[in-house]
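Trainee: Shown below is the structure under consideration.
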Amino acid sequence: MAYALASRIERAVKKSGLKVVWVAGWKSRGRATMGTIQTITLHHTATPRSFKKSTEYPTLNVIKNGRTGLPGPLAQLGLGRTGVVYVVAAGRANHAGVSRATSMTNSHAIGIEAEGAMEAWPTAQYQAYLRLVRALIDEFDLGTSRALRHGETCSPPGRKTDASFSGPAFRNALATIKTGSKPANTQPDTPAKPKGLFGMALKTADSRTEKQKIGKGKEITLRTREKNTNKFLCSVKKGELILVDEHLRISGLREGQIAEVWLRIGEYVAKTKKGYTRYNYPRVTAHGRAGGGDAHVAIPLVDKVGIGPKHGGDLRIYVVVKNVSGDECVVEYTKHHVLAD
Ligand SMILES: [Zn+2]
């Protein structure tokens, strides 16, 4: 059955004057009926640039259907790189998470997921973002102050950093436009350097998973989906303060079998394509569980990088997994996150 909110979302989106894709089933898609709308939450998808770069809205299916551990819809509205609006849901969506105030939670906040990976915002997309939000705040009779970046609504502060532009600049621009009109500010705002926990900049974050098999006794460095094929999290420099938060799921270990997981600083020399292990952080042990359930491992780290390159290469952080005694195990990321300063 269609949610009551559908007619208001439809009216607002039409008034925005933007190109629209009405995603089949949107009127009845949602987790539940929403309460009074009090916030418009601005997100970006953080889909890596290299992931179907040319595609307008490659994250649509994830927003619609959800991902491992988080059922969809993940927003009511999507916004493609060329400024096309994707209307996905009219009921409650899982986009806010733990929030600073009730008015910012999923029951009271409409979420917009704009395609982007912290690249410079395309002018058309940023302008469309403004027009869409203007139409929504008009429809729901909200002040411009109720258009908030996810980074401004999340709790604890720093848990999220999207959308990667300045909130005050966005709201100032919002105040200059009327529903359906073109924003006076025709240039996209310069993306603010996203700041995470303790004011540290986000180096890499990805919650998508890729399964990798590891044979008995074998050791691998985990691939991230960020750059599709790269087997490291990110590059680091000597003296840099890093905060790493990696979560992994390991399946296939039986009771009594173990795998080990650790972070490694390696040096990669592009010229010779040679890699050198420079430092191994302490290992964390994952134990197989009775009944064959998955093992979950978290490897948090706060550290100042104390070494520099020795071979003229690039220092990189790797996640290493060794299947110590399992027959074969399968590892996947459930989350990875690196901040640096
Ligand atoms: Zn978000």
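We did not get these values from a lab; they are worked out from the coordinates using the rules stated. Source: prediction; values computed, not measured. Cβ coordinates were reconstructed from backbone atoms using ideal geometry, including for glycine residues, and neighbour counts include every protein chain displayed.
Trainee: In the range 83-117, which residues have a backbone nitrogen under 13 Å from the label point lying 7 Å from S155's Cα in the Cα-to-Cβ direction?
Mentor: 97-106
Trainee: Going by amide H atoms built from the backbone, whose H comes under 5 Å of the H on F232, apart from near neighbours?
Mentor: Close amide H contacts, sequence-distant or interchain: T224.
Trainee: Among the aspartates and glutamates, which have Cα under 15 Å from the Cα of K203 when same-chain residues fewer than 8 positions away are ignored?
Mentor: In chain and number order, the partners are E119, D162, E226, E240, D245, E246, D303, D341.
Trainee: Please sort 322-328, 65-71 by packing, taking for each peptide the average over its residues of neighbouring beta carbons within 10 angstrom, highest first.
Mentor: 322-328, 65-71
Trainee: Using a basic spin-label model with each label point 7 Å from the Cα along Cα→Cβ, how many nm lie between T123 and R264?
Mentor: The modelled label-to-label distance comes out at 4.7 nm.
Trainee: Applying a 10 Å radius around every beta-carbon, put 259-267, 141-149 in order of their mean neighbour count, most first.
Mentor: 259-267, 141-149
Trainee: Moving on. List residues of the range 287-309, by number, whose backbone nitrogen lies under 19 Å from a label position 7 Å along Cα→C-beta of Y276.
Mentor: 305-309, by backbone N distance to the label point.
Trainee: Further, regarding this structure: Which cross-chain or sequence-distant (5 or more) residues have an amide H under 5 Å from the amide H of G72, H modelled 1.01 Å from N in plane?
Mentor: Those lying under 5 Å, H to H, from G72 are G66, R67.
Trainee: Using Cβ counts within 10 Å as a stand-in for footprinting exposure, how do V23, V284, V319 rank, fewest first?
Mentor: The most exposed by this proxy come first: V284, V23, V319.
Trainee: A follow-up question, please. Once a ≥ b ≥ c are taken as the square roots of the eigenvalues of the Cα gyration tensor of the range 5-194, is the result rounded (a/c under 1.5), prolate (a/b larger than b/c) or oblate (a/b not larger than b/c)?
Mentor: Taking the square roots of the gyration eigenvalues as a ≥ b ≥ c, the range 5-194 is rounded.
Trainee: Mean separation of Cα pairs under 8 Å and 6+ residues apart, divided by the residue count of the range 5-194: what relative contact order is that in percent?
Mentor: Averaging sequence separation for qualifying contacts and normalising by length gives 28 percent for the range 5-194.
Trainee: Same structure, new question: What are the ³J(HN,Hα) values, in whole Hz, obtained from phi via the Karplus relation 6.51 cos²θ - 1.76 cosθ + 1.60 with θ = phi - 60°, for each residue of the range 211-224 in sequence order, with x given for Gly and Pro?
Mentor: Per-residue couplings from phi come out as 8, 10, 8, 10, x, 4, x, 8, 10, 10, 9, 6, 7, 9 Hz.
Trainee: Count charges around R254 for me, please; just the other residues with Cβ under 14 Å from its Cβ, Lys/Arg as +1, Asp/Glu as -1.
Mentor: Result for the local shell: -2.
Trainee: What is the fewest-to-most order of K273, K27, K304 by other Cβ atoms lying within 10 Å of their Cβ?
Mentor: Going from least to most buried by this count: K273, K304, K27.
Trainee: Could you give log10 I(q)/I(0) at q = 0.08, 0.12 Å⁻¹ for the chain, computed by the Debye formula over C-alpha point scatterers of equal weight, without solvent?
Mentor: Here the Debye-derived log intensity ratios amount to -0.43, -0.89.
Trainee: For the range 201-340, give the magnitude of the charge dipole about the Cα centre (Cβ charges: +1 Lys/Arg, -1 Asp/Glu; no others), in debye to the nearest 20.
Mentor: Computed charge dipole of the range 201-340: roughly 540 debye.
Trainee: 7 Å from Cα along Cα→Cβ at both T285 and E219: what's the point-to-point distance in nm?
Mentor: 1.7
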